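Visitor: The structure follows.
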Amino acid sequence: QVQLVESGGGLVQAGGSLTLSCATSGSIFSSSAMGWYRQTPGKQRELVASIGSSGSRNYAGSVKDRFTISRDNAKNTVYLHMNSLKPEDTAVYFCAKFGPGSPLWGQGTQVTVSS
């Protein structure tokens, strides 16, 4: 059974940086597209960044040039490097593994950016 475990969330001041990690198990990681989503109360989960099996990347406009998604296939891990954080980046961040059907989700990790 595939599992996704996020880590690295926390409290940071505006302008600061955080790196989120998502470790996967139970599946072939290197051939899977992966993504990071975020969600705030009362809002839909939104895609922040994605990375294909070939390494191609896509970003939401609100995080482009501040966030970087990367993957380490040897460690079955995907990362989200977040710089120049803003209070509006505060959310629960979820890792997702794309495949046939709906994405597979991790449990989420809270990121709080104080002003």
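Visitor: Would you list the strands (runs of 3 or more DSSP E) that sit entirely within the stretch 22-108 and hold 1 or more residues that are touching a strand residue (DSSP E or B) at 6+ places or on another chain (Cβ under 6 Å) and open to solvent by less than 20 Å² (accessible area, probe 1.4 Å)?
Guide: 34-39, 46-51, 67-72, 77-82, 91-97
Visitor: Anything in the stretch 1-21 that is open to solvent by less than 70 Å² (accessible area, probe 1.4 Å), under 17 Å from LEU104 (Cβ atoms) and β-branched (Val, Ile, Thr)? List them, or say none.
Guide: VAL2
The values are calculated or read from the model by the stated rules, or taken from the named source; none is laboratory data. Predicted, not measured: the structure shown is a model, and the values here were computed from it. FYI the Cβ positions are ideal-geometry reconstructions off the backbone, even for glycines, and counts take in every protein chain you see. Calculation scope for accessible area: heavy atoms of the full protein, side chains included, ligands and nucleic acids excluded. Shrake-Rupley method; radii C 1.70, N 1.55, O 1.52, S 1.80 Å.
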